[in-house]
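The values are calculated or read from the model by the stated rules, or taken from the named source; none is laboratory data. As the structure is a prediction and not an experimental result, all values here were calculated from the model. For neighbour counting, all protein chains shown are included, and Cβ atoms are generated from backbone atoms with ideal geometry for every residue, glycine included. Remember, those area values only see protein heavy atoms, side chains included, never the ligands or the DNA or RNA. Shrake-Rupley method; radii C 1.70, N 1.55, O 1.52, S 1.80 Å.
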Amino acid sequence: MGQGVYVLSLSRLIPHSGSILARTSFVTVASALVVAATATVSLNLFALEPLTKRSAADKADLMTMTANMWFELIPKRRPPYAHAIDAQHQLILSEDPKELPILKSRHRYYRLLKNELEKRVGEPIEIMQDEDKTLWVNLPSSLCVGFSPDLPHVQQVFVGLSLLGVVVAIMLVISFLVVRRISRPLEEVAEAAATFRGVTTFDPLPEKGLDEFVLLAKSFNRMAQEIETLIANRTTLSAGISHDLRTPLTRMTLALELLPDNVDPKLVKRFRENLASMDALITDAAYFARGEAEKATKTNLRRLVRATVQSVDEDIQVRWTGAQTKEISLARGALERCISNLVVNAKRHAKGVRVEVLVTDEQSEFHVLDDGPGIPKKDRIRVLQPFVRLEESRNVNTGGSGLGLAIVAQLCQIHGWEIALGESETGGTDAVLVVPLTKPKSSD
């Protein structure tokens, strides 16, 4: 039960979103840390701790044996003996007891050394330190032994930790390179999928690399070709239907003009309005089905927006803020269609409509605001689909064809723009069109 809870809690630490490189790097780093922690604990239990105990015991044996030998020697032999002990074992022998501050270090080695010395001499022992950092121990029989504070096993431990760090670093680098090699082809597929619109010439992905990536590239290329063929067939079919429908509409319009004068004018007017509505619906449907990408051309953005809005209603005010762009490169016809459809849609559902444009060096935002009833949050994405209308009467004059916003959404998808529906300060709709700006290249 305990292990199950641990695995569950560890799984929550792994991010459930992001790139393969990020998630794999996280797992690799976590694994490296676990390996490092395990190795550190193992090194401490099976190497550092035994080495520390052995070193403290050896040091205590050496000091007690040296003291015993010291008192067995005649006085004139003691100075050469002290010199030899200092040269071979770095121990300083003195017959003058020291009264120095007690060592403040709490390192385990010094605690073990103190305990080992007390076991051998049978008396309490204190390790002291002088101003030169030399450590001193007063042994029985008035012999004081000095030694260096350097830990004898630090170098071995440092080498072990250094090797551990090198192994972890190598593991991280290799893991990063392997994951990067795997994620790069996936990034290429993702970029191709993000830029593919089905209405422009598609550059097939290179079918090379690992077998899985070759299979993925082949499947994606085949899918892209089938989508292009499907859209081309739909465009051809829609164009043919539009052409075939306009012919009888033209005939009915001509027959309506040739009616005798004694026909009821109200009936004639109603037929003309119906024919006009049918013609507008066919135009919108054909434009939506065509869905073609338009090449970017040099355009005066301010002049384009003003002319497009005035073509719908000259009384609508356009408020311009931000950078003063002269000429930029964009799909002029697509932008005209988007702004026109948004303004027409706003006028159909509200009395007060205004347009605000915010331009920066990177993008332009077109806000078409109205004081109408607004669009509920749950319907703001749905109304961007074709033939979706919130007005349930199905009256074309009040609800439109249901393709205006769909055409805007389609053009945004084709050209990499963004469309979002929000709420204005009056409770109406704030339709926001975001268009990245690209400065035209100067011709030589």
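Residues checked against (1) within 25 Å of residue 301 (Cα to Cα); (2) modelled with pLDDT under 90; (3) more than 29 Å from the chain's Cα centre (by Cα); (4) of a type in the set (Gly, Ala, Ser):
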residue: 359; (1), (2), (3), (4): yes, yes, no, no
residue: 368; (1), (2), (3), (4): yes, no, yes, no
residue: 386; (1), (2), (3), (4): no, yes, yes, no
residue: 404; (1), (2), (3), (4): yes, yes, yes, yes
residue: 442; (1), (2), (3), (4): yes, yes, yes, yes
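Right, residue 94: open to solvent by less than 40 Å² (accessible area, probe 1.4 Å), closer than 30 Å to residue 162 by Cα and hydroxyl-bearing (Ser, Thr, Tyr) or not? Judged against the criteria, residue 94 is not a match. Filtering the range 68-85 for residues that are surrounded by fewer than 11 Cβ atoms within 10 Å (Cβ to Cβ) and within 57 Å of the chain's Cα centre (by Cα) leaves an empty set.
Would you confirm whether any residue within the range 319-334 is surrounded by 15 or more Cβ atoms within 10 Å (Cβ to Cβ), more than 38 Å from the chain's Cα centre (by Cα), outside any strand (DSSP E or B) and in contact (Cβ under 8 Å) with a residue 24 or more places away in the chain? No, that holds for no residue.
Candidates are the residues of the range 406-420 that are open to solvent by 30 Å² or more (accessible area, probe 1.4 Å) and at pLDDT below 85; the one that is nearest to the chain's Cα centre (by Cα) is 416. Would you point out the residue of the range 335-353, among those that are more than 20 Å from residue 418 (Cβ to Cβ) and surrounded by 18 or more Cβ atoms within 10 Å (Cβ to Cβ), that is modelled with the highest pLDDT? Among those that are more than 20 Å from residue 418 (Cβ to Cβ) and surrounded by 18 or more Cβ atoms within 10 Å (Cβ to Cβ), it is 353.
Here is a yes/no grid of residues against (1) within 48 Å of the chain's Cα centre (by Cα); (2) open to solvent by 50 Å² or more (accessible area, probe 1.4 Å); (3) at pLDDT below 75; (4) of a type in the set (Val, Ile, Thr):
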site	(1), (2), (3), (4)
234	yes, yes, yes, no
238	yes, no, yes, no
247	no, yes, no, yes
253	no, yes, no, yes
272	no, yes, no, no
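Would it be correct to say that residue 61 is in a helix (DSSP H, G or I) and either more than 23 Å from residue 149 (Cβ to Cβ) or acidic (Asp, Glu) (or both)? Taking the combined requirement at face value, the residue satisfies it. Being in a strand (DSSP E or B), at pLDDT 85 or above and closer than 27 Å to residue 354 by Cβ is a property that residue 308 lacks.
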